[in-house]
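The values are calculated or read from the model by the stated rules, or taken from the named source; none is laboratory data. None of these values were measured; they are calculated from a predicted model. Note that each Cβ is placed from the backbone with ideal geometry, even for glycine, and that neighbours are counted across all protein chains shown. The area values use the complete protein model at the heavy-atom level, side chains included, leaving out ligands, DNA and RNA. Shrake-Rupley method; radii C 1.70, N 1.55, O 1.52, S 1.80 Å.
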There are 2 protein chains.
Amino acid sequence: VSGNLKATAIAHPNIALVKYWGKRDEELVLPHQSSLSITLAPLQVTTTVQFGAKGEEVELNGRPAQGRERERVLETIRRVRGLAKLPGGVRVASTGNFPPSAGLASSAAAFAALSVAARAAAGLAFDVRASSILARLGSGSAARSIQGGTCLWRRGRRRDGTDSFAEQVFDAEHWPDLRLLAVVLEAGEKETGSREGMKRSVETSPFYSAWAADAEAEVPRAIERIRDRDLAALGQIAERNAWRMHAVAMSSDPALCYFAPATLGLVSALAKARNTGLAAWFTLDAGPNPFILTDLRHQGDAGRLAREHGAREVTTCKPGGDARLSEEHLF
Amino acid sequence: VSGNLKATAIAHPNIALVKYWGKRDEELVLPHQSSLSITLAPLQVTTTVQFGAKGEEVELNGRPAQGRERERVLETIRRVRGLAKLPGGVRVASTGNFPPSAGLASSAAAFAALSVAARAAAGLAFDVRASSILARLGSGSAARSIQGGTCLWRRGRRRDGTDSFAEQVFDAEHWPDLRLLAVVLEAGEKETGSREGMKRSVETSPFYSAWAADAEAEVPRAIERIRDRDLAALGQIAERNAWRMHAVAMSSDPALCYFAPATLGLVSALAKARNTGLAAWFTLDAGPNPFILTDLRHQGDAGRLAREHGAREVTTCKPGGDARLSEEHLF
């Protein structure tokens, strides 16, 4: 165990092009399907963890964490404390360079940074697999934010989840011209969070098993398109998979519709713009704010289109690097 | 064969609460699933057919029919001519009391009226089953507009389609307080018609077979709710089935999204209004214009809500009667 039991880590969020929607084990956060994502720079979350403090102090974006949010952070801390056999309290502070409720996958970056920082503070060696599993237990998609570039989260088969973690397929340098525009159409929390939403889909959608099988089959196809840097072919897979994820959500009982009217407006404008040469496709997680998949050459036009169709904010992202330790502690 | 070989019929459109989306036989218009509908008064189409005319004249809403539209009418005429062994030409005129492109199922009413009129003009005896099958061959959902009230179109099993027709389950008097508000949010033709759209779903949706099985299982449940006049329980089934039909459409490749932004806005306002006591649910065919399922007591509030959320027009419908012959010919 290192000197002051303190470490700081920085991690990027990620956006899945083949999505995770549904757990086969709620407790262990084990998915029904593999998923594939791109890590998003310059969006990032910085987290400092110090063991050996008095009490348990958790501060998120400058405010004491409350309720379930605080509990989830402390669960991750307790797992690390158990591994490293550390007694006593802990202090955690975390801050992102983007708003946490805008649907930009802040919890993925937050739990990835927390996992890497907590393990380092406890003196545990850096380990992609162990960090990815630890992050997964905090928030499923966080498993894909430990490494940069393109990450594949294999669903795994074991009941204890030891084979369900993410690994890098291509690093951030593989496709430096790829761009992902984070489009904020509506701020505010969604009505039904993805945790609750995906549970409802698993339990009530008659399409669920077909969805899981279809997503699993899309993963190797998407990897091939990224290997070839074939934006159009990748865009088609990403849209198809996003529509299908939302189709499964809609087919749940009661139905889950994450599209806002403005989402449909933008998606439909994007499809029309493609007919006149704009190389841009969308993807959408469980909320109203889409990401636009495009490249360096088309990012300007794609961003303008988004602003013309209701975007309050457009953040241009590109493939980011691994979660990493930093000497600039938050306290 | 009667005297002047001329007859006029009037038929209502219908709205399916458990929907038809996908053919197992394109040529014979045989569905993959049974469907259940309510006939809609006062919307109606009037059609006059006269055999023995010179040439083949088809006039729809005051204009000569063109291309594929004309061809479909003449195909129905030829089937009747073949049955009755009538030589020579035909004159057809048809007119509705509502705009044909507003998504109000005008083709269902049109082919039902055409089938009843053509058979009568040819001197064939009235026959629900034969008329429903004839109407089905023109436009699938027209099979459900031969009788009034609640109609069940059984998918059938035979390859020749002789067991795939609709019959009345409850007449229009069974639930006189039921109301269906036809809400026009957007005029104009949809991009992908339902004929082409459902074909794409059958061929490309990984959810297709689960959809067909699910819809089949909803039919007896919906019949029970109508029997009990249980609006809330029927509304839930109708919405669930509509969401699932649209989910299948969205999961097609390329995806089919029939929701307009305004559709989502209204659907979401409706769900909120239900929390404060409005007894109203939606259903949606392959277009942007929903129907609101409600009753006499709530029709005013439901209509106001629709107008507040972008409705250009709201037509209040209730269960209508059978397709019937009329002495008031169009020519």
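A few points about this structure:
- Helical runs (DSSP H, four residues minimum) scored at -39500 (n - 2.57) apiece and divided by the length of chain A put the mean residue ellipticity at 222 nm at -12000 deg cm²/dmol.
- Remark: relative contact order (chain A) = 25 percent; criterion is Cα-Cα distance under 8 angstrom and separation of 6 or more residues.
- Cα centre as origin, Lys/Arg/Asp/Glu Cβ charges: the protein assembly as shown dipole, Debye: 560
- Alpha carbon centroid spacing (whole Å) that separates the range A:1-70 from the range B:252-291: 36
- Note on chain B: with neighbouring protein chains present and a 1.4 Å probe, carbon and sulfur make up 47 percent of its accessible heavy-atom surface.
- The distance from the alpha carbon centre of the range A:123-141 to that of the range A:147-192 is 14 Å, rounded to a whole number.
- Per-residue Karplus couplings for the range A:34-39, computed as 6.51 cos²θ - 1.76 cosθ + 1.60 with θ equal to phi - 60°, are listed in order as 6, 9, 9, 9, 10, 6 Hz, Gly and Pro entered as x.
- Accessible surface buried once A binds B (1.4 Å probe; total of both sides; Å²): 1900
- Sequence-distant lysines (8 or more away, or on other chains) whose Cα lies within less than 22 Å of B:LYS6: B:LYS54, B:LYS85
- Cα-based equivalent ellipsoid, chain A: semi-axes from gyration tensor eigenvalues, Å: 32, 21, 19
- Ignoring the sites themselves, chain A has its longest run without GluC sites (Glu not before Pro) in a DSSP loop having at most 12 other Cβ atoms within 10 Å at A:28-188.
- The range B:1-109: relative contact order as a whole-number percent, Cα under 8 Å and 6+ apart: 33
- Descending semi-axes in Å of the range A:267-331, equivalent ellipsoid built from Cα gyration tensor: 29, 14, 11
- Accessible surface for chain B, divided over its residues, is 39 Å² per residue with a 1.4 Å probe.
- Residue-wise HN-Hα coupling along the range B:86-96, computed from phi with Karplus coefficients 6.51, -1.76, 1.60 (Hz; x: Gly, Pro): 9, x, x, x, 7, 10, 10, 9, 9, 8, x
- With contacts taken as Cα pairs under 8 Å at a separation of at least 6 residues, the range B:210-326 carries a relative contact order of 21 percent.
- When A:THR204 is represented by a point 7 angstrom out along its Cα-to-C-beta vector, the spacings to that point in the other copies are 2.9 nm, nearest first.
- Here is the list for the range A:40-124: trypsin sites (Lys or Arg not before Pro) lying in DSSP coil, each with at most 13 other C-beta atoms within 10 angstrom of its C-beta, are A:LYS54, A:LYS85.
- Helix A:231-250 axis, angle to chain A major axis (alpha carbon atoms, nearest 10°): 80
- Helix B:128-138 vs. chain B, principal-axis angle (Cα, 0 to 90°, nearest 10): 80
- Dipole magnitude of the range B:39-124, debye to nearest 20 (Cβ charges: Lys/Arg +1, Asp/Glu -1, about Cα centre): 260
- Burial annotation for the range B:239-267: residues with an accessible-area loss of at least 30 Å² between the isolated chain and the complete set of protein chains, computed on heavy atoms with a 1.4 Å probe, are B:ARG240, B:TRP243, B:ARG244, B:ALA247, B:MET250, B:ASP253, B:ALA255, B:CYS257, B:PRO261, B:LEU264.
- Summary for A:GLU26: label point 7 Å along Cα→Cβ; distances to the equivalent points in the other copies, ascending, 4.6 nm.
- The 3J(HN,Hα) values that the Karplus relation (6.51, -1.76, 1.60; θ = phi - 60°) gives for the range B:315-331 are, in residue order, 10, 8, 10, 9, x, x, x, 5, 4, 9, 7, 9, 8, 8, 6, 7, 8 Hz. Gly and Pro appear as x.
- Helix A:67-84 vs. chain A, principal-axis angle (Cα, 0 to 90°, nearest 10): 60
- Inter-copy spacing of B:ASP177 label points, which lie 7 Å from Cα along Cα→Cβ, given in nm from shortest upward: 6.7
- Scattering curve values for the protein assembly as shown, log₁₀ I(q)/I(0), Debye with Cα scatterers, q = 0.10, 0.11, 0.12 Å⁻¹: -0.91, -1.04, -1.16
- Only Lys, Arg (+1) and Asp, Glu (-1) charged, at Cβ; chain B dipole about Cα centre in debye: 400
- Shape call, the range A:138-220: gyration tensor on alpha carbons, a/c limit 1.5: oblate
- Here's the picture: charge each Lys and Arg Cβ at +1 and each Asp and Glu Cβ at -1 in chain B, and of B:THR192, B:PRO220, B:ILE77 the one pushed furthest to the positive end of that dipole is B:ILE77.
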